[in-house]
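Just so it is clear, none of the values below were taken in a lab; they were calculated from the coordinates. Remember, it's a predicted structure, so these values are computed and weren't measured experimentally. All Cβ positions, glycine included, derive from the backbone under ideal geometry; neighbour counts span all protein chains shown.
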Amino acid sequence: MDTSAVLNVGLDALILAAKLAAPMLITALVVGFAVSLFQSVTQIQEATLSFVPKAIAVGIALLVCGHWMIQEAITFTQGLFDTLPSLLAG
């Protein structure tokens, strides 16, 4: 196994991690921005007001994107297992 193969597997794993984290992170970012805009307009400074909507939105995003996320992880793992003999032999 040469260094370029290790770097390719590592890069693919990092890209997969970014793709799997993106729906929840983007959802939390958008909802957090909206809640903070609402708080600044209404001058309501309540800590739970920013946490609860983000938690609910991230849960909904997980429900919506969960099947796709699992499918991506399975595809990556199967591809890694398929290429493992060639990686170890070379």
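Past the 21 angstrom mark, what percentage of all C-alpha to C-alpha distances in segment 3-89 do you count?
50
For the chain, take the longest principal axis of its alpha carbons; what is the angle in degrees between that and the long axis of helix 47-89, to the nearest 10 within 0 to 90?
0
Once the Cβ-Cβ distance between residue 49 and residue 26 is put in as r, and R0 is 30 Å, what FRET efficiency do you end up with, to the nearest 0.05?
0.90
Give me the net charge of residue 83's neighbourhood, meaning all other residues with Cβ under 14 Å from the Cβ of residue 83; Lys, Arg count +1, Asp, Glu -1.
Counting the neighbours of residue 83, the net charge comes to -3.
Just want the ordering: 41, 52, from fewest to most Cβ atoms lying within 10 Å of their own Cβ.
Fewest to most other Cβ atoms nearby, the residues stand as 41, 52.
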